[in-house]
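The values are calculated or read from the model by the stated rules, or taken from the named source; none is laboratory data. Computed from a predicted model, the values in this text were never measured in an experiment. When we count neighbours, we look across all protein chains shown, and the Cβ atoms used for this are built from the backbone with ideal geometry, even at glycine. Surface accessibility is based on the protein's heavy atoms, side chains included, excluding ligands, DNA and RNA. Shrake-Rupley method; radii C 1.70, N 1.55, O 1.52, S 1.80 Å.
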Amino acid sequence: MEEMNLIVLLLFGILFSVYGKFRVTGPIHPVVAVVGEDVILDCQLVPSIPVSNMVVRWHKSDLGLAVHMYRNGEDETVAQDQNYRGRTELFKDELPKGNVSLRIKNTRVFDEGKYICSVDDETDFEETVIELKVGGLGREHWIQIEGYRKNGIQLVCESNGWYPEPGIQWTGGDGQNLTAQSETSYHQDSKGLVTVQSHIAVTKDSSNRFKCLVRSNLLKKEQETTVQISDDFFPTVSGWLVFLSVIICLLIVVISTGICWTVKQYRYVKELKHDKSIKQYEQWKPLVESDWKKICECKVSVTLDTETANPWLEVSKDLKDVRLTRTARSLPDNEERFTAWQSVLGSEGFTSGSHYWEVEVAGHPHWSLGVAAESVERKTEIKLRPEDGFWTIGRAEDQIQANADTLSDLPVGEIPSKIGVYLSYESRIVTFYSVNTKSHLYTFIGKNFTEKLYPFFCTAHCNKWLRICPVQH
């Protein structure tokens with residue numbers, strides 16, 4: 001028996017020497033939830049040890065505040081994002097067993113994304129990433145006759161309450177696929193749910209029976225509806241009317257072609273006179289040495305404005321470095337300070353000219369960088385997108401993303417350790433570069449800037465510094 005106990009202790013010693021006191025594990029595949037239903041994000045400590053004296057934090061990669069916080073044996077709602085208040089809970093009976101899984105009630109489209117489950121016992125800090133995908137299964141699925149078109153009938157198939165955008169398929173009475181003849185559009189409501197509407201012109205066949213099928217590829221579910229049309233509804237067309245229609249169509253094509261040619265010539269002449277700075281931007285794409293030198297010549301010395309820093313952030317004495325801490329500082333809540341996002345602005349803003357600075361992000365898994373308008377919302381949670389005054393890119397684990405109107409992943413290959421930010425106010429350009437490879441990452445272009453713009457920094461990982469570096473060519 002003593003030999004067995006010795007073996008067990010030896011095994012635990014080996015595990016602790018390799019992994020530390022504990023590890024945090026979760027599912028490697030995305031968790032799928034249905035809109036309106038509850039979902040459980042599984043997260044476990046290995047070995048199964050109690051977490052009563054630890055800090056358990058759940059946060060979402062694209063949010064500044066926590067989704068759920070557990071500290072000193074109880075939940076903390078003060079630091080919780082308002083969109084999740086009253087909708088999340090831990091399994092209290094399972095906490096002594098190292099189970100820190102999170103239940104999200106009444107799932108919404110907004111909940112989709114990557115969640116970080118982290119556990120901190122003041123000596124060890126471990127975390128794991130769990131991806132949640134949300135699906136909405138449509139309702140109110142119907143087909144109706146919209147009118148006549150040529151020698152056929154225009155049908156419309158509509159269904160709402162889907163997420164993400166579903167696929168749609170039309171079939172005729174004899175089973176042939178008519179989808180290529182249809183025109184489909186999607187509209188998203190305030191809750192993020194999608195309404196799909198598909199139009200198709202059909203002609204009389206052997207059965208006049210037409211079917212519309214809408215399918216969710218994520219949920220692997222589909223809905224279909226069928227319409228039967230009497231022969232009497234289909235119009236009959238005489239030969240001379242067909243001939244006249246063909247002549248009219250040909251005239252329309254000739255006139256339209258002439259108009260398009262004239263418009264293209266006008267646009268071509270106008271583009272030749274366009275802003276030279278835009279032309280210069282197009283030449284930068286290859287990023288030869290001479291072009292990289294032009295960017296670096298626009299370098300500016302950026303420092304951080306502590307009056308705008310979130311209370312959870314620590315700014316270095318030289319105002320060049322910033323990191324997220326585990327405790328909030330007691331600071332006056334002025335109008336300039338960010339409280340919703342763990343963010344800080346640069347000290348100097350810009351209303352003209354071209355400016356370039358570089359930020360070291362090596363080893364930092366969760367950050368966002370770019371520029372922000374002076375009037376951006378700082379007290380409540382909003383998305384980091386251009387229509388809200390932010391032009392930024394960010395990192396979520398192993399993916400670099402552009403925070404545009406629609407979040408998009410950037411094919412960067414190697415994760416950059418240093419990011420270059422270039423702002424040209426008159427040319428309406430905000431561009432990001434990988435300094436390591438002197439390569440282009442992403443460009444926001446075409447937005448009219450109407451107010452002062454500031455360098456913007458956001459971090460969501462404890463004790464990892466974002467450092468403003470001197471530009472070297």
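Listed by first and then second residue, the pairs linking a residue in segment 358-378 that is in contact (Cβ under 8 Å) with a residue 40 or more places away in the chain to a residue that is part of a loop (DSSP other than H, G, I, E, B) and among the aromatic types (Phe, Trp, Tyr), with Cβ atoms under 7 Å apart and 6 or more places separating them unless they lie on different chains, are 378/338. Counting only residues that are assigned to a loop (DSSP other than H, G, I, E, B), open to solvent by less than 30 Å² (accessible area, probe 1.4 Å) and of a type outside the set (Gly, Ala, Ser), which one in segment 320-355 is modelled with the lowest pLDDT? That would be 341.
Does residue 202 satisfy the condition of being of a type outside the set (Gly, Ala, Ser), open to solvent by less than 10 Å² (accessible area, probe 1.4 Å) and under 20 Å from residue 107 (Cα atoms)?
Values: of a type outside the set (Gly, Ala, Ser): yes; open to solvent by less than 10 Å² (accessible area, probe 1.4 Å): yes; under 20 Å from residue 107 (Cα atoms): no.
For residue 202, the condition - of a type outside the set (Gly, Ala, Ser), open to solvent by less than 10 Å² (accessible area, probe 1.4 Å) and under 20 Å from residue 107 (Cα atoms) - is not met.
Here residue 207 passes the criteria (1) part of a loop (DSSP other than H, G, I, E, B); (2) crowded, with 19+ Cβ neighbours inside 10 Å; (3) not β-branched (Val, Ile, Thr) except the one numbered (2). Can you tell me which residue is modelled with the lowest pLDDT among those in segment 406-438 that are over 24 Å from residue 363 (Cβ atoms) and outside any strand (DSSP E or B)? Per the criteria, the residue is 406. Residue check: is residue 393 in contact with a Gly (Cβ under 7 Å, 6 or more places away or on another chain), touching a residue at least 12 places away in the same chain (Cβ under 8 Å) and not in a loop (DSSP other than H, G, I, E, B)? Judged against the criteria, residue 393 is a match. Quick one: would you say residue 132 is of a type outside the set (Phe, Trp, Tyr), in contact with an Asp or Glu (Cβ under 7 Å, 6 or more places away or on another chain), modelled with pLDDT under 95 and surrounded by 14 or more Cβ atoms within 10 Å (Cβ to Cβ)? When the stated conditions are applied, residue 132 does not pass them. Checked against the criterion of being surrounded by 15 or more Cβ atoms within 10 Å (Cβ to Cβ), at pLDDT below 90 and over 25 Å from the mean Cα position of the chain (by Cα), segment 187-199 contains not a single residue that satisfies it. Looking across segment 316-342, the residues that are small (Gly, Ala, Ser) and under 23 Å from residue 384 (Cβ atoms) come down to 328, 340. Within segment 298-308, the residues that satisfy the criterion of being closer than 17 Å to residue 330 by Cα and out of contact with any Phe, Trp or Tyr (no Cβ under 7 Å at 6 or more places or on another chain) are 305, 306, 307. For segment 416-433, taking the residues that are within 18 Å of residue 371 (Cβ to Cβ) and of a type in the set (S, T, N, Q), the one that is surrounded by the most Cβ atoms within 10 Å (Cβ to Cβ) is identified as 424.
Among the residues of segment 145-166, not a single one is in a loop (DSSP other than H, G, I, E, B), surrounded by fewer than 16 Cβ atoms within 10 Å (Cβ to Cβ) and without any contact (Cβ under 8 Å) to a residue 24 or more places away in the chain.
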